[in-house]
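Visitor: Would you mind keeping the following structure in view while I ask a few things?
The values are calculated or read from the model by the stated rules, or taken from the named source; none is laboratory data. Being a predicted model, the structure only gives us computed values, none of them experimental. Note that each Cβ is placed from the backbone with ideal geometry, even for glycine, and that neighbours are counted across all protein chains shown.
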Amino acid sequence: MLEEVTITRAIIRRYLGKLDQSLELDAAIVGGGPAGLVAGKKLAQAGYKTALFERKLSVGGGMWGGGMMLNEIVVQQEARRILEEFGVPSSEFAPGYYTADSVLATSTLCSVAAKAGLTIFNLVSVEDVVIRAQRVTSLVINWSAVQMAGLHVDPLTIKARWVIDATGHDSEVLHVIARKVDAELLTASGKVMGERSLWAEQAESDTLANTREAFPGVYTAGMCANAVFGSYRMGPVFGGMLLSGEKAAAEVAARLAAGE
Ligand code: 48F
């Protein structure tokens, strides 16, 4: 026998339990594209209390659609080991270029990250941050549906020792900090420098170099790294996204291990 009330109660209690468990995090990841998912998997696997907040219904960001909706992605040699680590099948197209089915790749990243212990909240948008002593200490979250409907509803907060801005081209967390805080970002101009036109090779190597702390308490990852530090976009080659997520996680883990 199935009782509707029990089904409803199960969902409410389980969800609120998850949320309650995530009020004070070691690491909070904003954005569930490839960079955020890799970072989240690595941090959760290392035993850090980590949650990821994704605005949309589906997690996976810009990876589902391959290039111009042709659902294949390209990953270069250096990042293939990360596909292998996640169990995503890929095949060589030309020396150094590997392809993967984008639906298989994206769904596998989501699944492996969640199974590693990453708590994923989809349909939740990060709209602001809390700053104390010139350091980000919390995220300010709201239902995406509240934002979409333009409702006047106040948000809630999630405390996090470290935040990773993995919001892609829009670099939303760092934009909000640059707009609202009377302090400079750790970029050459002190502001979000903005992304430049497409240049796959340069963009891919810059992504890794730009994966770093951009404001006290906040790391960049993925396309956000280049958008914040003023480098190029790369198009549908995804190795830099995977490597950037890995680097952001390693650096945040080192800071956490150092007690920061
Ligand atoms: O855009 P996205 O996939 O970022 P990424 O991991 O990868 C970039 C590539 O997809 C592609 C590219 C590759 O070569 O250039 O664009 O850097 O995923 C970013 C996710 O962040 C979510 C957004 O819905 C998307 O799924 N997001 C953006 N702003 C917010 C957010 C926000 N304020 N709160 C929650 N989620």
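Visitor: Could you tell me which residue of region 168-193 is modelled with the lowest pLDDT, considering only residues that are among the acidic types (Asp, Glu) and away from the ligand (no atom under 12 Å from the Cβ)?
Guide: Once the filter is applied, the top-ranked residue is 182.
Visitor: Report whether or not residue 40 is within 16 Å of the ligand (Cβ to nearest atom), part of a loop (DSSP other than H, G, I, E, B) and either modelled with pLDDT of 95 or more or surrounded by 24 or more Cβ atoms within 10 Å (Cβ to Cβ) (or both).
Guide: no
Visitor: Still on this model: Quick one: residue 89 ticks every box in (1) under 28 Å from residue 215 (Cα atoms); (2) away from the ligand (no atom under 11 Å from the Cβ) bar one, so which box is it?
Guide: (1)
Visitor: Quick one: count up the residues across region 28-68 that are among the hydrophobic types (A, V, I, L, M, F, W, C) and within 11 Å of the chain's Cα centre (by Cα).
Guide: Residues in region 28-68 being among the hydrophobic types (A, V, I, L, M, F, W, C) and within 11 Å of the chain's Cα centre (by Cα): 11 in total.
Visitor: Further question: Of the residues that make up region 198-220, is at least one part of a loop (DSSP other than H, G, I, E, B) and over 24 Å from residue 54 (Cα atoms)?
Guide: Checked region 198-220: at least one residue is part of a loop (DSSP other than H, G, I, E, B) and over 24 Å from residue 54 (Cα atoms).
Visitor: Out of (1) out of contact with any strand residue (DSSP E or B) (no Cβ under 8 Å at 6 or more places or on another chain); (2) more than 13 Å from the ligand (Cβ to nearest atom); (3) under 30 Å from residue 148 (Cβ atoms), the odd one out for residue 24 is which?
Guide: So residue 24 meets the others, but not (1).
Visitor: Would you check which residues across region 1-30 are outside any helix (DSSP H, G or I) and loosely packed, with under 11 Cβ neighbours inside 10 Å and list them?
Guide: 1, 2, 3
Visitor: Please enumerate the residues belonging to region 218-252 that are more than 12 Å from the ligand (Cβ to nearest atom), over 15 Å from the mean Cα position of the chain (by Cα) and small (Gly, Ala, Ser).
Guide: Listed by number, the list holds a single entry, 230.
Visitor: Moving on to the next point. Pick from 183, 209, 166: which is surrounded by fewer than 18 Cβ atoms within 10 Å (Cβ to Cβ) and under 25 Å from residue 76 (Cβ atoms)?
Guide: 209
Results for (1) more than 30 Å from residue 16 (Cβ to Cβ); (2) not hydroxyl-bearing (Ser, Thr, Tyr), shown as yes or no for each residue.
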residue: 78; (1), (2): yes, yes
residue: 82; (1), (2): yes, yes
residue: 98; (1), (2): yes, no
residue: 102; (1), (2): yes, no
residue: 112; (1), (2): no, yes
residue: 121; (1), (2): no, yes
residue: 126; (1), (2): no, yes
residue: 134; (1), (2): yes, yes
